[in-house]
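So the structure is just underneath, and the comments pick up after that.
Only the coordinates and a few stated rules stand behind these numbers; no lab work does. All of these numbers come straight from a predicted model, not from anything done at the bench. So basically every Cβ, Gly included, is an ideal-geometry build from the backbone, and we count neighbours across all protein chains shown.
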Amino acid sequence: MESVLVAANWKMYKTTADVQHFFDRWSRDPAPPGREVAFFPPFPLLPLLRSLLPQGQALGAQNAHEADEGAFTGEVSCALLKDLGCDYVLIGHSERRNLFGETDARIAAKMRAAFRHGVRPILCVGEHLDERQGGRTLDVVLGQLAEDLGAAPPPSGFDVAYEPVWAIGTGKVARPQDAAEVHEAILAWLHEHHAGADARILYGGSVKPDSAAALLATPGVRGLLVGGASLDPASFAAILRA
């Protein structure tokens, strides 16, 4: 059976001292079998994490620019991420879409950049509360997949994270049956379009140690994208053991 991917999105948290403290504790509690672990720190912390990561654990970036190089002050390319040792990159996280105005067209361009440079993208999709209440969840999520993966979706080499926007940072978690419906719809869409043969579908949205086991037991869920609960090594280790 393929491994479950558990990804730690640290967002704009932690200093170099915080990272040292985290990994001083983290090294005492190795990940259980069948769990692939990936850390997504802020850009300045990538080299430090690369030096501290236990063997077999992966490094990822929270975002990337779609161009390979150029006069784009403050941006980071997938070529640079690859050079830094990144295995993964998050593309289209809801905070990038909602706070920074990233469109599906731009997210699609970022996906193409990740493929060009051999950094495996995790494409984030998800609906807002009003869209869920209006019965539009699958229309929104599958529409994002279609726009972001393009007319000829890649046959492999990427993962997808379903993150209901209403659950991110709110403490609300989608019920297992809600997550199952969306995850199975994503898998069916990928199969129909002969895309993502090796794609794992992650759930993200206020994942905590006490909700992780039920989510991982949900049909179609092959990983977790963890935010705040990944900042503490004990909490994140508990999620890995779920």
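Order of 211-224, 118-131 by packing, highest average Cβ count within 10 Å first?
Values: 211-224: 19.0, 118-131: 21.3.
Descending mean neighbour count gives 118-131, 211-224.
Loop-located trypsin sites (Lys or Arg not before Pro) across region 46-139 with a Cβ neighbour count of 16 or fewer within 10 Å are 136, with loop assigned by DSSP.
Over all other residues within a Cβ to Cβ distance under 15 Å of residue 222, the charged ones net out to -3, with Lys and Arg as +1 and Asp and Glu as -1. For region 1-121, the Kirkwood estimate of hydrodynamic radius, built from reciprocal distances between every pair of different alpha carbons, is 15.2 Å.
If you keep only loop residues by DSSP, which chymotrypsin sites (Phe, Trp or Tyr not before Pro) in region 1-85 have at most 11 other Cβ atoms within 10 Å of their Cβ? Let's see the in-between values first.
Values: sites: 10, 13, 22, 23, 26, 39, 72; in loops: 10, 13, 72.
Answer by residue number: 72.
Extension gain, residue 69 to residue 99, is 8.4 nm, computed as 0.36 nm per intervening residue step minus the present C-alpha separation. Within the straight-line cut-off of under 29 Å between alpha carbons, the lysines reachable from residue 110 are 11, 14, 82, sequence neighbours fewer than 8 places apart in one chain being disregarded.
So what is the 222 nm mean residue ellipticity for the chain from helices alone, if each DSSP H run of at least 4 adds -39500 (n - 2.57) and you divide by all residues, rounding to the nearest 500 deg cm²/dmol? Spell out each step's value before the answer.
Details: 10 runs with 96 residues, N = 242.
Rounded to the nearest 500, the figure is -11500 deg cm²/dmol.
Database remark: amide H of residue 120 closer than 5 angstrom to the amide H of 88, 89 (H placed geometrically; neighbours at sequence offset of 5 or more, or on other chains; Pro and chain starts carry no H).
Please get the size of the charge dipole for the chain, origin at its Cα centre, with Cβ charges of +1 on Lys and Arg and -1 on Asp and Glu, quoted in debye to the nearest 20. Working shown, then result.
Values: 22 positive and 29 negative charges, 116 e Å.
Once rounded to the nearest 20, the dipole reads 560 debye.
Place a +1 charge on the Cβ of each Lys and Arg in region 24-110 and a -1 charge on the Cβ of each Asp and Glu, then give the dipole magnitude about the Cα centre in debye, rounded to the nearest 20.
Values: 9 positive and 12 negative charges, 58 e Å.
In total the dipole reaches around 280 debye.
Going by Cα centres, region 27-87 and region 105-138 are how many Å apart? The two parts, judged by their Cα centres, are 19 Å apart.
Quick check on region 73-125: take the gyration tensor over C-alpha atoms, sort the square-rooted eigenvalues as a ≥ b ≥ c, and tell me if it's rounded (a/c under 1.5), prolate or oblate. It is prolate, given that a/c is not under 1.5 and a/b is the larger ratio. The trypsin sites (Lys or Arg not before Pro) found in region 7-43 that occupy coil by DSSP, while having at most 15 further C-beta atoms within 10 Å, are 28.
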